[in-house]
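Remarks on the structure that follows.
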Amino acid sequence: MIRRKYFLLTILVTLALVGCQAQTQTKSTAPQTATIQRGNLTATISAAGTVVAQSQVALMFQASGQVKEIDAKVGDKVKAGQVLAKLDATDLEMAVTKAQIALDTSKVQLQKTKEGPKPADVESAKASLASAQAAYQAALNKYGLSDAQLAVARTDLDKAAATLQRAQLAYNWESNNWLDADPTKSSQKTALDDAQTAYNLAQAAYNQQAAGINDSGLRSAASQVAQAQYQLDNLLNTPTPEDITSAEAQVKQNEASLQQAQVALAKASVIAPFDGTVGDIYAVVGQQVSASTQALALVDFSKLDLAITLAEVDVTKVKEGDQVQIMLDAVQGTVFTGTVTEIDLVGTTTQGVVNYAATVSLDNPTDTIRPGMNASANIILQHRENVLLVPNRAVRSVGTRGKTVTVLYEGQLIDVPVTLGLSGDSQTEVVSGLQEGDAVLINQTTTTARGVPGAGGFGGGAVFIAR
């Protein structure tokens, strides 16, 4: 061991001390010391709080009715989307079925409308027209009618019908091939309107001539011809853009009705919004409930937080990401860990004391931890490895000399100035002034003296070590 040289500086006059010694009554105890050693040091801030779940919710019914099923019990672990309770939804289920049928039917009708008339239907309509014309001709022949004006009117009507058919086909082709930004204003639309007008006039003229024939059978045959012609024209001129638009609108309306019925049915079930554990059940089967009636409580125990408060003198020292040691009152002997995840920027004042709320997320919480438990937390601010440590009780502040520590060396108490670093609850890092193995005083002698104020009981003076 390297030999140390000590230079002693006497501050008090030894003769004065000796003169007063006879009149002094001293009570003393043996000095308590600690040895300077190396170790690890952690600086922490203490806080208290309560365990809370990150995800905890009271699930409610969203519709009125009678409780039909409770599909969970307290303690069950459930998955997001799982049905936990149901109301009697017979009427709602029937409404969904009807809405689905209506939607399917409208989709089929839309497809038929887009496809247009079937060739077989067109041929059937043509055959009906030919049959009506033949019946009409037979009626004319039967009665030997040769009214020239009626024949002319019939010819004009046939020509007008043919012209109308050609105009309709041309307009349909133009509309389907988007040759005009607005088909309703095209030249083909004008031609179609003119042809329709001409056909209407020809039909009126023909009807007027036919009405002059005093024979009900002939008039009936003429009416059958007109009806068959109309049906054929209607088949050949479909679908119109209006027909398709109307069919599409019906499909959309039925889709909205189905969605509305499905939403109403979904409200009759209580569904888990996240993975968790059933914490409590409030409803019972057969109970008549209304919307907003609580059904059960769901808690996610895998993600727990500790809600703590920080004093205003400590809040600036703590930052998000700091590690935390957590001790629960209900779980003795176990230290849990966590991380600071949130610190409020605005504090709350209670009876003049300002505190800031903070949140600590627990790492890997166990089944023993429950929301509502009280806990204490040590927030780790800094950590030092393998540093010289001195007990906090050994450190003193002496005027302008800063920090000093009293070293016990060969029976002498020697004050040594020190430079300190990180401070913990019971120990402080020594940067300079002490060496490993030094014995430092942690419980000084108490002396009651008369005559010489401040007289000590260890050789009368404050002595410094010079290394």
- At a Cα cut-off below 12 Å, give the aspartates and glutamates reachable from residue 112, other chains included and same-chain residues fewer than 8 away excluded. 243, 248
- The ³J(HN,Hα) series, computed from each phi in the range 193-208 with the Karplus coefficients 6.51, -1.76 and 1.60 at θ = phi - 60°, rounded to the nearest Hz and given as x for glycine or proline, is 4, 5, 5, 5, 5, 5, 5, 4, 5, 5, 5, 5, 5, 5, 4, 5
- If amide H atoms are built 1.01 Å from N in the plane of the peptide, which residues on other chains or at least 5 residues away come under 5 Å of the amide H of residue 76? 278
- Note on the structure: Amide H proximity to residue 402 below 5 Å, modelled H, separation 5+ or other chain, gives none
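Ranked by accessible surface with a 1.4 Å probe, highest first, in what order do 336, 301 come?
Values: 336 20, 301 65 Å².
Result, largest first: 301, 336.
Report, to the nearest whole %, how much of the accessible area of the range 50-139 belongs to carbon and sulfur atoms, 1.4 Å probe, protein only. Write out the running numbers ahead of the final one.
On the way: 2910 of 5490 Å².
Solvent-exposed carbon and sulfur of the range 50-139 make up 53 percent of the total.
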- Message: Take the residue pairs 189/252; 126/159; 107/252; 77/303; 86/107 and return only those whose Cα atoms are more than 21 Å apart.
- Response: 189/252; 86/107
- With a probe of 1.4 Å, find how much accessible area the range 31-177 has per residue, and write the answer as a whole number in Å². 59 Å²
- Rolling a 1.4 angstrom probe over the protein heavy atoms, how many square angstrom per residue are accessible across the range 288-346? 54 Å²
- Item | Long-range HN-HN contacts of residue 363 with modeled amide H, under 5 Å | 337, 338, 339
- Under the Karplus relation 6.51 cos²θ - 1.76 cosθ + 1.60, θ = phi - 60°, what is the ordered set of whole-Hz ³J(HN,Hα) values for the range 322-337, x standing for Gly and Pro? 5, 7, 9, 9, 10, 10, 9, 4, 7, 10, 6, x, 10, 9, 9, 10
- Item | Peptide ranges 82-94, 218-230, 66-78 listed from the most packed, as the mean C-beta count within 10 angstrom indicates | 218-230, 82-94, 66-78
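The values are calculated or read from the model by the stated rules, or taken from the named source; none is laboratory data. Please read all numbers here as calculations on a predicted model, not as lab measurements. FYI the Cβ positions are ideal-geometry reconstructions off the backbone, even for glycines, and counts take in every protein chain you see. These area figures cover heavy atoms from the full protein model, side chains too; ligands, DNA and RNA do not enter into them. Shrake-Rupley method; radii C 1.70, N 1.55, O 1.52, S 1.80 Å.
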